Amino acid sequence: MHMADALLSPAVAAAMYAASGAAAGISIHRLKRDDNPQKLPTMAVTAALVFAGQMINYTIPGTGSSGHMCGGMLLSALLGPQAGFLSMIVILAIQCLFFADGGLMALGANIWNMAFYGCFVGYYLIWRPIVGGKWFAGRGERAAQRARIVCASVLGCVATLQLGAFSVVLETSLSGITELPFGAFLALMQPIHLAIGLIEGLVTAAVLVFVHESRPELLRDVDAASIGGARRSLKSVVAVLAVVAALVGGGLSLLASSNPDGLEWALFGNAEAGYSENMGLDEEHFGVESGLANAAGSVQEATSFLPDYAFAGSDSAAGTTVSGLVGSAMVAGVAVVICMAGGFFRKRRANVK
């Protein structure tokens, strides 16, 4: 769902930067009071896992399309909505600047579409009411909590991807891209992202159920005491997730589907593989041009050392492996720096007082 700059007018792009920036500012302010020491390693490894997971495009059978996870629901369930949102910003910014995934001018919109809904709408309206409620009571507390986690994960991913897909359609419409009739574009985007959301929900549920069975206190709104607390140490859980992130980013990414993702499929179709052309846009010339988009593209060209998750000018599979490992490490490193900086400034304010 990473939007290209050509899909947005500068005015709409600026508005989405402002909206995402406001959400980031509020998140930073709220996190100033968060002193949970477990958050640093958890934030680092889960952010790396989401980066790696986004490299795995899975085929949507019978469509000629593919999808990948967004990760907002996963991160907010483990870190809370504010830290999850900031982690998603780190992921999307690194993807944009160093891997040329999504436009730089469109980064504000991509943060809103892929992070805001999953982290805030998904958490406050779906995760917390379901997981913190009494759903599935009567089947044993551990089994009931597992069922609530699965239900919240699937419903949350489906609902928030639908909102993100709708926002993409709305933003392109407001940008005045006449090649994209609102109704036709909407009719393509919503069903394909329903399927993508279902698969992401199951993947998210699998990760969160593992955490629930291993270290339930890492999950937000889960009553860990009611099921006996941790079965594994924090170090072992973090180590398992780190190994999974490395295997996914460095190995499984080589098996990612070559079909276009949901947004690209809606725009360009997949006629080469015998499927519909859908909107039938020209992949080389579509959307709107602007001086701001051209400038943003020049910046990306200069900063992206592994464009499209590959060595520049090479089709070597090693480029994908290196991209997965390097990108995951970068995301984890920036997440650690953010956590440590937050702790430093909290201590400094405490000393001043």
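Quick note: the coordinates plus some simple rules give every number you see, no bench work behind them. Quick caveat: nothing in here was measured; it's all calculated off a predicted structure. For neighbour counting, all protein chains shown are included, and Cβ atoms are generated from backbone atoms with ideal geometry for every residue, glycine included.
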I want to make sure I understand the PRE zone here: with the label point 7 angstrom from the Cα of Glu141 toward its beta carbon, which residues in segment 194-237 have backbone N atoms less than 18 Å away? 212-232
Rounded to the nearest 10 degrees, what's the angle between the helix 317-352 long axis and the longest principal axis of the chain, both from Cα atoms, 0 to 90? 50 degrees
What does the extension gain come out to for Val243 and Ser226, with contour length at 0.36 nm per residue minus their alpha carbon separation? 3.2 nm
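Normalised by the number of residues in segment 110-247, what is the relative contact order in percent for Cα pairs under 8 Å and 6+ residues apart? Don't skip to the end; give the middle numbers.
Values: 142 pairs, mean separation 34.3, N = 138.
It rounds to 25 percent for segment 110-247.
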Under 10 Å, Cα contacts only: if you run a Gaussian network model on the chain, which one of Pro181, Pro61, Pro307 comes out with the highest mean-square fluctuation? Pro61
Would you mind ranking Glu200, Glu264 by Cβ crowding within 10 Å, fewest neighbours first? Glu264, Glu200
How far, in degrees from 0 to 90, does helix 182-214 lean away from the longest principal axis of the Cα atoms of the chain, to the nearest 10? 30 degrees
Positive end of the dipole of the chain, charges at C-beta (+1 Lys, Arg; -1 Asp, Glu), about the Cα centre: which of Gly25, Val248, Met279 has its Cα farthest in that direction? Gly25
With axes computed from alpha carbons, what is the tilt in degrees of helix 39-54 against the longest principal axis of the chain, rounded to the nearest 10 within 0 to 90? 30 degrees
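Indicate the gyration tensor shape class of segment 36-125 (rounded, prolate or oblate), computed on the Cα atoms with a ≥ b ≥ c the square roots of the eigenvalues: a/c under 1.5 is rounded; otherwise a/b larger than b/c is prolate and the rest oblate.
In terms of gyration-tensor shape, prolate.
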Sort segment 144-249 into rounded, prolate or oblate with this rule: let a ≥ b ≥ c be the square roots of the eigenvalues of the Cα gyration tensor; rounded if a/c is under 1.5, and if a/c is not under 1.5, prolate when a/b is larger than b/c, oblate otherwise. prolate
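Taking the beta-carbon count within 10 Å as an exposure proxy, list Lys32, Lys235 from fewest neighbours to most.
Details: Lys32 12, Lys235 9.
Listed from fewest to most nearby Cβ atoms, that is Lys235, Lys32.
When a/c reaches 1.5 or more, the comparison of a/b and b/c decides; with that in mind, is the chain rounded, prolate or oblate per its Cα gyration tensor? Before the final figure, lay out each step's value.
On the way: a/c = 1.61, a/b = 1.40, b/c = 1.15.
Cα axes put the chain in the prolate bin.
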With springs only between Cα atoms under 10 Å apart, run a GNM on the chain and tell me which of Ile28, Ile91, Ile196 wobbles the most. Ile28
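Show me 328-337, 278-287, 308-317 ranked by packing, highest mean number of other Cβ atoms within 10 Å first.
Working: 328-337: 20.1, 278-287: 14.1, 308-317: 12.6.
Highest to lowest by the protection proxy: 328-337, 278-287, 308-317.
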Taking Cα pairs under 8 Å and at least six residues apart, what relative contact order does segment 73-185 come out at, in percent? 26 percent
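Quickly estimate the mean residue ellipticity at 222 nm for the chain, helices only: each DSSP H run with n ≥ 4 gives -39500 (n - 2.57), and the total goes over all residues, rounded to 500. Provide the component values of the computation, followed by the final result.
Numbers: 12 runs with 214 residues, N = 353.
The helix contribution divided over the chain gives -20500 deg cm²/dmol.
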For the chain, what does the relative contact order come out to in percent, with C-alpha contacts under 8 Å and a separation of six or more? 29 percent
Please check which bits of segment 88-106 a label hung off Leu174 would reach, taking the label as a point 7 Å along Cα-to-C-beta and the cut-off as backbone N under 17 Å. 105-106
Under-5 Å amide H pairs with Ser65, H placed in peptide plane, nonlocal only: Ile60
Highest GNM mean-square fluctuation, the chain, Cα pairs closer than 10 Å: which of Leu180, Leu255, Leu325? Leu255
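With +1 on each Lys and Arg Cβ and -1 on each Asp and Glu Cβ, how big is the dipole of the chain about its Cα centre, in debye rounded to the nearest 20?
Numbers: 20 positive and 23 negative charges, 541 e Å.
Value, rounded to 20: 2600 debye.
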